[in-house]
Amino acid sequence: MALRAELEVDRGSLHVGASLAVDDGTALAIVGPNGAGKTTLLGALAGLVPLAFGFVELDGERVEHLAPERRRVGMCFQDAALFPRLSALENVAFPLRARRRPKRDALEEAGGLLADLAPEVDPSARPDALSGGEQQRIALARALAADPRLLLLDEPLAAVDVTARAELRRAIRRAIARFDGPCILVAHDPVDALTMADRVAVLERGRITQEGTPESIRNAPATGYAADLVGLNLFEGTLEPVGPDAGHLDTGGGRLVVSWPRDLARGRYDDVVATLPPAEVAIHLERPEGSARNVLRGEIAEVAVHGDRARVRIRSAPRITAEVTVGSVERLGLREGMTVYASCKAVEVQVRVDAPEPDTLGR
């Protein structure tokens, strides 16, 4: 196990306690409400926040007694935290120079990272001449330049404008995929957590209330907050146009009709992510007639009751989860193994395309 930690941290009135175990090559996303202690947890791992009790172990070595610069932890902050008087290239090279690497070697290695993660950035530019997305890519390159044993990303997309997020998201995915150590990502957007991480931990009031694969948490959220946050239906696949204002999202296990995203060029897009709130899914005992463009048939896998609401998981193609009232469950007689129809409108399926251009134009 590359990272093992048992943490107890006091920050004012907030007490954070967590147990973490993350393998090499694994990315763990931490999600939770504001004030839950997500940034505090990362700070404790990096050595920026003192522990009240516990330990941090990397590759079998206890490091909680070491200063931050001796832990070999790479960290990206929400605001990038670049050195304002250094150029983009010098910022990336800083960790290498701090380890007494010869200047020429440090700048050469930093240049390679910069070309990979931020090819459009002028290496001589200073931070105040860069956009928020460009600054975050520089910060990511700097974190990786430190040859870290642990990579920590604290909401790297939070301070970036919408137009820059797609490119930055792709850069982060590439970096995580190539990093062979453990990575912990604090995500503001649950879709980022569900699509960029191998596992997800839900942090509430300083405690991890649930941890598991994205699929396991989507299918069986342990708390009301988890259900609201990551209880989205999430689909991944290929998007192609059909008609003037719609598209087909082929998930490999089924197909959905979606509204074509505004200002998106017509064409074929791979690696598309779409979400659908379970509350927008209706359940029927017979095939419905009406305006819904998507009607899926399947057996009920589970009926999970949370207060006066119930989440109904259906083995359709693609699989889908509906959220209905307990009264609807009783009225329809919904139960495991029962065959039902689930319907939703195309406009309710929210599509996100990261690809800057379609694979094939003119369709």
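A short reminder: the numbers here are calculations on the coordinates, not readings from a lab. Keep in mind that this is a model prediction, so the values were computed, not measured. For neighbour counting, all protein chains shown are included, and Cβ atoms are generated from backbone atoms with ideal geometry for every residue, glycine included.
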Most mobile listed residue (ALA115, ALA197, ALA342) in the chain, GNM with C-alpha springs under 10 Å: ALA115
Bridge type composition, the chain - antiparallel percent by DSSP, nearest 5: 80
Global geometry of the stretch 201-351, whether rounded, prolate or oblate, following the gyration tensor of its Cα atoms and the 1.5 cut on a/c: oblate
D_trans [Stokes-Einstein, Kirkwood Rh over alpha-carbon pairs] for the chain, 4 °C, 1.567 mPa s, µm² s⁻¹: 58
Zero-based 5 Å bins, Cα pair distances in the stretch 212-282, whole percents: 3, 15, 23, 20, 16, 12, 8, 3, 0
Neighbour-count ranking [beta-carbon atoms within 10 angstrom, fewest first] of PHE55, PHE94: PHE55, PHE94
Ranking of LEU7, LEU107 by count of other Cβ atoms within 10 Å, fewest first: LEU107, LEU7
Shape of the stretch 63-207, Cα gyration tensor, a/c cut at 1.5: oblate
Trypsin sites (Lys or Arg not before Pro) within the stretch 96-196: DSSP coil, no more than 10 neighbouring Cβ in 10 Å: ARG100
Cβ crowding within 10 Å averaged over residues, with 251-258, 298-305 ranked highest first: 251-258, 298-305
Order of VAL186, VAL63, VAL329 under a 10 Å beta carbon neighbour criterion, fewest first: VAL329, VAL63, VAL186
Label point distance in nm, GLU289-PHE83, each placed 7 Å from Cα along Cα→Cβ: 7.3
For peptides 71-77, 121-127, sequence by mean Cβ density within 10 Å, most packed first: 71-77, 121-127
Contact order relative to length of the stretch 236-363, as percent, for alpha carbon pairs under 8 angstrom and 6 or more apart: 33
Residue with peak Gaussian network fluctuation, the chain [Cα springs, cutoff 10 Å], from GLU211, GLU323, GLU109: GLU109
